[in-house]
Protein chains: 2
Amino acid sequence: MTEAPEFAFIARHFRSLAGPGALGLADDAAILAPPPGRELVLSADTIVSGVHFLPDDPAETVGVKLLGVNLSDLAAMGATPLGYLLAVSVPGTLPDDWFAGFARGLAGMQARYGLTLLGGDTTATPGPLTLSLTILGHAAPGAALRRNGARPGDGIWVTGTIGDATLGLACLTEGLADPTGHLVERYRRPSPRLGMALHGIAHAAIDVSDGLVQDLGHLCRQSGVSARIAAALVPASDAARAAGAAFLDRRLTGGDDYELLLAVPPDRVPALLDTAGAARIAVTRIGVFSDGADGVTVTGADGAPMRFARAGWSHF
Amino acid sequence: MTEAPEFAFIARHFRSLAGPGALGLADDAAILAPPPGRELVLSADTIVSGVHFLPDDPAETVGVKLLGVNLSDLAAMGATPLGYLLAVSVPGTLPDDWFAGFARGLAGMQARYGLTLLGGDTTATPGPLTLSLTILGHAAPGAALRRNGARPGDGIWVTGTIGDATLGLACLTEGLADPTGHLVERYRRPSPRLGMALHGIAHAAIDVSDGLVQDLGHLCRQSGVSARIAAALVPASDAARAAGAAFLDRRLTGGDDYELLLAVPPDRVPALLDTAGAARIAVTRIGVFSDGADGVTVTGADGAPMRFARAGWSHF
């Protein structure tokens, strides 16, 4: 009697990614001793070919992106990565060696961020490649960052630069120039902003996945505050700046940046700069939270509020 | 600024399923304090419309099936359910009220088996409805049942009856008669065999998801033993028996039963019968494990080994 084909597939591509609790990916479930005295932080994100990534994106970068977007959720909670489960729904038309590249992308992220594969599921689908990942992290009790803690007077801070990823997508689908390749790299390889010790520094956090304006709106709604930011203060890479002012709207509302948006009270700014500097992550103050339910106001170069056709992306 | 459409969708259908750690399904991740002194048991299973369930299966039973197949993995490990994350990829053609029925199915299983929704993801797909669930349970350290512990001389036991679900599928797709509706119910509503205290009783366990012969083969390979069972001893429901001898092969190799297959040494049989009786779960001895790498032998009514066109199902 031979093994069912998914067992050989799993052994070929995924067994080398598995950690000790994964039981060789050969049992009904994984077994994990949670770190004593810590809370677990759990999130799930699915990416679908043609919806969240391009069908001709390199397999390795799809692995990077899948773990990147999930690690970004842990970063937004201030959690430390522990492990993940991976459910893949595979169309019959996808060549087997696609998964060799995909697993290489996962392996690189595992090594960089210190987590291992715990388990998962492999199934066929008549639809597009669908990759669903559940990530586990841990944090000290009560230390996980939430979306609902921003207070009037807190500064609005972002990590890194905003808008590169959506411009990278425009390079791939609309012919925008990308002479250095920086924008496409940012679209394909998110860098989750793990490594800062934000507990006791940030009152609230969210990762910028669906667009800066929309995700800032989530923070406002969950916290019961309003936000005012200045477009001129939103950090842009040289490559994004080169795209010109015509792309400003897009930068502020496009998705896939996976930077962090933080609410930081003025007296914690020195501590923020210390931990960001230690993690070599750039942070920039772009505005301030205030009372009220006015949502997000973005002031343009003339000081007047900008208007957007849409605040961000929805993949639903 | 209005919320993105997936937030209203999540609030409408899933928020009432959420437990305390889910943070109202409104944050980047869930926070869970693991039960002190316990190990976590983690598994993921995806079901795809047209592959694992029929597109016209009632939405409520799809919810029952999705949680049922995942709870069955916990049952096979001897673990107690804790919570789950749910990733749904939704085709645009599916009416919104489908999810009301689906959530009812989940809610019923939550109440029955004592777990809550922790988090997840909602996304669009151009493909079929794809439902991916990651389940968390817990067990005493070292107590989780594995597939690799069966020893020569252990009896081979199964819970419940075998073959109903695959005959139920035949009723729905091939016109097999199902006068009582029992077979279709068994296909659509698996009953995960939680509730027995199998630690110290069973040397190994697996759930019968892909077919009795194939899943018994997994136990043999993982444990390094062979198995011999008698077809006549494999328990069948009255409804399955009524389908006649022509369906014997199908019963032994069809999937979706979600019964447990256990390796139990002779001296632990009284304890097995006690815990199964307390949980009101029928258990039946169908054969014995032995030395060697001969895999699974099924003896027919004439005492000769049966031959099967295939040992079980693969959805890959």
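The values are calculated or read from the model by the stated rules, or taken from the named source; none is laboratory data. Only a predicted model underlies this, so the values are computations on that prediction, with no experimental measurement involved. Heads up, the Cβs are rebuilt from the backbone with ideal geometry, glycines too, and the neighbour counts pull from every protein chain shown.
Summary table
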| item | result |
| --- | --- |
| Flag if A:L136 is within 14 Å of chain B (Cβ to nearest Cβ), touching a helix residue (DSSP H, G or I) at 6+ places or on another chain (Cβ under 6 Å) and either under 25 Å from A:L219 (Cα atoms) or in a loop (DSSP other than H, G, I, E, B) (or both) | no |
| Selected residue [modelled with pLDDT of 95 or more and either of a type outside the set (A, V, I, L, M) or under 23 Å from B:S314 (Cβ atoms) (or both)] from A:T2, A:T61 | A:T61 |
| Selection count, region A:88-101, where residues are surrounded by fewer than 21 Cβ atoms within 10 Å (Cβ to Cβ) and either assigned to a loop (DSSP other than H, G, I, E, B) or of a type in the set (G, A, S) (or both) | 9 |
| Selected residue (criterion: nearest to the other protein chains (Cβ to nearest Cβ)) from residues of region B:213-270 that are part of a helix (DSSP H, G or I) and of a type in the set (V, I, T) | B:V213 |
| Selection count, region A:271-283, where residues are out of contact with any strand residue (DSSP E or B) (no Cβ under 6 Å at 6 or more places or on another chain), of a type outside the set (G, A, S) and either surrounded by 15 or more Cβ atoms within 10 Å (Cβ to Cβ) or not in a helix (DSSP H, G or I) (or both) | 2 |
| Candidate set from region B:24-35 (those that are under 27 Å from the mean Cα position of the chain (by Cα) and more than 7 Å from chain A (Cβ to nearest Cβ)); member that is surrounded by the most Cβ atoms within 10 Å (Cβ to Cβ) | B:L25 |
| Filter result for the condition that a residue is within 14 Å of another protein chain (Cβ to nearest Cβ), touching a residue at least 24 places away in the same chain (Cβ under 8 Å) and buried (at least 24 other Cβ atoms within 10 Å of the Cβ), over A:L117, A:L167 | A:L117 |
| B:D73 vs. criteria among the acidic types (D, E) and either at pLDDT 95 or above or assigned to a helix (DSSP H, G or I) (or both) | yes |
| Hits in region B:42-56 - residues which are acidic (D, E) and in a strand (DSSP E or B) | B:D45 |
| Any hit, region A:206-224, residues being more than 29 Å from A:D302 (Cβ to Cβ), out of contact with any strand residue (DSSP E or B) (no Cβ under 7 Å at 6 or more places or on another chain) and crowded, with 23+ Cβ neighbours inside 10 Å | yes |
| Residues of region A:5-23 classified as among the basic types (K, R) and within 11 Å of chain B (Cβ to nearest Cβ), total | 0 |
| Cross-chain or 6+ apart pairs with Cβ under 8 Å, region A:66-81 first and under 16 Å from A:V208 (Cβ atoms), then part of a helix (DSSP H, G or I) | A:G68/A:M109; A:L71/A:M109; A:L71/A:Y113 |
| Members of region A:237-253 found to be within 20 Å of A:A309 (Cβ to Cβ) and hydrophobic (A, V, I, L, M, F, W, C), listed by number | A:A240, A:A243, A:A245, A:A246, A:F247, A:L248, A:L252 |
| Failed item in (1) within 14 Å of chain B (Cβ to nearest Cβ); (2) assigned to a loop (DSSP other than H, G, I, E, B); (3) in contact (Cβ under 8 Å) with a residue 40 or more places away in the chain, with A:A301 passing the rest | (1) |
| Residues that are within 13 Å of another protein chain (Cβ to nearest Cβ), in contact with a Ser or Thr (Cβ under 7 Å, 6 or more places away or on another chain) and not in a loop (DSSP other than H, G, I, E, B), drawn from region A:170-210 | A:A204, A:D207 |
| Odd one out for B:T125 among (1) more than 25 Å from A:D28 (Cβ to Cβ); (2) more than 14 Å from chain A (Cβ to nearest Cβ); (3) crowded, with 23+ Cβ neighbours inside 10 Å | (2) |
| Per-region count, region B:88-114, residues of a type outside the set (A, V, I, L, M, F, W, C) and more than 13 Å from every other protein chain (Cβ to nearest Cβ) | 10 |
| Residue check, A:I31 of a type outside the set (G, A, S), part of a strand (DSSP E or B), touching an Asp or Glu at 6+ places or on another chain (Cβ under 7 Å) and assigned by TED's automatic domain parsing to the domain that holds A:L17 | yes |
| Residue check, B:R104 among the basic types (K, R), modelled with pLDDT of 95 or more, more than 16 Å from the chain's Cα centre (by Cα) and assigned to a loop (DSSP other than H, G, I, E, B) | no |
| Subset of region A:210-249 (residues that are in contact with a helix residue (DSSP H, G or I) (Cβ under 7 Å, 6 or more places away or on another chain), small (G, A, S) and at negative phi) | A:S226, A:A227, A:A231, A:A236, A:S237, A:A239, A:A240, A:A243 |
| Filter result for A:G68 (of a type in the set (G, A, S), part of a loop (DSSP other than H, G, I, E, B) and more than 8 Å from chain B (Cβ to nearest Cβ)) | no |
| B:L85 within 8 Å of chain A (Cβ to nearest Cβ) and either assigned to a loop (DSSP other than H, G, I, E, B) or surrounded by 19 or more Cβ atoms within 10 Å (Cβ to Cβ) (or both) | yes |
